[in-house]
1. Where in the range 188-218 does the label zone of Asp227 land, with the point 7 angstrom along Cα→C-beta and an amide N cut-off under 19 Å?
2. For Ala46, list long-range residues whose amide hydrogen, built 1.01 Å from N in the peptide plane, is under 5 Å from its own amide hydrogen.
3. How much accessible area per residue does the range 2-149 have, counting only protein heavy atoms and a probe of 1.4 Å, in square angstrom?
4. Say the cut-off is 29 Å between C-alpha atoms; which of Lys172/Lys194; Lys322/Lys349; Lys40/Lys67 go over it?
5. If you project the alpha carbons of the range 33-164 onto the principal axes, what extent comes out on each, in Å, largest first?
6. How are the Cα pair distances of the range 158-269 distributed, in percent, across 10 Å bins from 0?
7. What are the extents of the Cα atoms of the range 267-309 along their three principal axes, listed from largest to smallest and rounded to whole Å?
8. If you roll a 1.4 Å probe over the range 282-391 with all protein chains in place, what percent of the accessible area is carbon or sulfur?
Amino acid sequence: MLVLFETPAGFALFKVLDEGKLDKVEDLWKEFTTSDSARKVVELKAFNKFENTSDALSAATLIIDSKPTKGLRKFLQKHCEGETLAVADSKLGNAIKEKLKIDCLHNSAVMELMRGLRNQLTELISGLGAQDLGPMSLGLSHSLSRYKLKFSPEKVDTMIIQAIGLLDDLDKELNTYAMRVREWYGWHFPELTKIVADNIQYAKVVKMMGDRTNAESLDFSEILSDDEVEAQLKEAAVISMGTEVSELDLLNIRELCDQVLALSEYRAQLFDYLRSRMNTIAPNLTALVGELVGARLIAHGGSLVNLAKQPGSTIQILGAEKTKHATPKYGLIYHASLIGQAAPKHKGKISRSLAAKTALAIRYDALGDGEDNSIGLESRVKLETRLRVLEGKELGRSAGSTKGKPKIEVYEKDRKKGAGALITPAKTYNPAADLVLGQSTEETPKKPDGASKKRKHQEAEHAPAEETIQGDGDQEGQKKKKKKKSKESEDSPVADADGGKKKKKKSKESEEPPVATAEGEKKEKKKKKKSDSQDAEDVAMETEASDCWPRQYRLTFDQRLVAAWFSLGYCFLLEKNEWT
């Protein structure tokens, strides 16, 4: 059995002298503790030396990718006929077996044997000292690192960052130059600004026409696709109100037009370059959000690998760091075509879904082995389906996948399914439910003070002048109710003791007028009268609207109440301070 061992100086081929020792893997390391014991196990059969550093670098890069070099294939064909080859890489062994038809072996015993060979390498290979092996290993590692750094995906996307930055700068400069052409030539032909809206077409027309008097003799069909626009241009050139310019002015204007056209052509070339680089480095990201949005995301993240480390929520708001809102819904991803197709109320949902799919696509582009855009295309189809569901879904349906979910309908208890008619007929006006005041024979229930005052105001406002007497009677009844309430509040301790007789007392009091029994009660009544005097006077003024007497001669509410009591046969005894 032979052993293939890679060194910085070349490929070494060792012959295993005692294969029986490979059966004891745990004790194999003891055979390589000294150089004498190692020579009893293996011996050097052949050595293929690298010619220079570039040869060593190319061989190392191919071995890392599990591919044998051309020199290694010739070396093995020469020395490995009918032998079993032990290798450290199983993939490399499969490649050698397919191309050279040499049986290869890779197991734990072989790996332990490789460790022993590495430990006694300088002793087993004559002419390869430790002082030479160290610089060789260091030089090869530096060359290999520079080669990997040069062709790493993280550094290739630097071209994308530079290209998108230059593209944005070109757009700004191109817009500035085009506006300058319009403003400058507008002094000579101001009507042309409204006729030709496109900046590139405007520059081409100005460069071709020069003075506006030449418009009638020129053919603009190659520049302007519409014949009506060309006819409007020629008509406006005849009746234009612009000022005259010299030939020197027109020469400078045409040179500026040349600059605009040159910048537009270079911008188109740069966009094609950016598109090809994006399809090569990030095909799935390009399929989801487009070349420009994908390149701006990579430029904002710093590199494709750095962007792959970000979650979907960060990618969603990437570029919206300076927004005034606390939680923005989208940043650079807002310019993607999928979000532009969504309605304003659905942009937030689509942006979240698109950011999640974009994060997966970026990770696949940065860390995956595939180079196709299948994941990006599948994700785009799913997002378009979700957008159609959001736009056309019925009320109550879930925003996610609708498979296996019941349909939620609007609850309408009075509407038939599939018909516009109501189950129950429409409600009509019921005159029997009306209540006419003053005509009801039943006793109305007692209402609180606030409702009685409001009712009193309404009756006073709407009552006609002929019913003043009836209004006075109602006011007397309200005054009696107030007296009853005050007496009930005074006799509350007695009412609490005789709870069962309270209703009987109220019924008796409704039939008989209230009687005051103490001077203290009268003082309290006067205090209450003072607090409500303003309201009482306003009501009295409204009820006595038909009275022609002056204000100072009108009777107050209390005076009219006392007069009513005297008219009913009651007298007030001043000496005894009692009611009889």
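The values are calculated or read from the model by the stated rules, or taken from the named source; none is laboratory data. Here the structure is a predicted model, which means the values were calculated and not measured. Please note: Cβ atoms are built from the backbone with ideal geometry, for glycine as well, and neighbour counts cover all protein chains shown. With ligands, DNA and RNA removed, areas are computed over all heavy atoms of the protein, side chains included. Shrake-Rupley method; radii C 1.70, N 1.55, O 1.52, S 1.80 Å.
1. The answer is 216-218.
2. Leu13
3. In whole numbers, the range 2-149 has 57 Å² accessible per residue.
4. Numbers: Lys172/Lys194 22 Å; Lys322/Lys349 22 Å; Lys40/Lys67 32 Å.
Checking Cα-Cα distances, Lys40/Lys67 exceed 29 Å.
5. In descending order, the Cα extents are 64, 38, 29 Å.
6. Reading the bins upward from 0: 13, 44, 28, 10, 4, 0.
7. Dimensions of the range 267-309 along the principal axes of its Cα atoms: 32, 17, 15 Å.
8. After summing per-atom areas, the C and S share lands at 53 percent.
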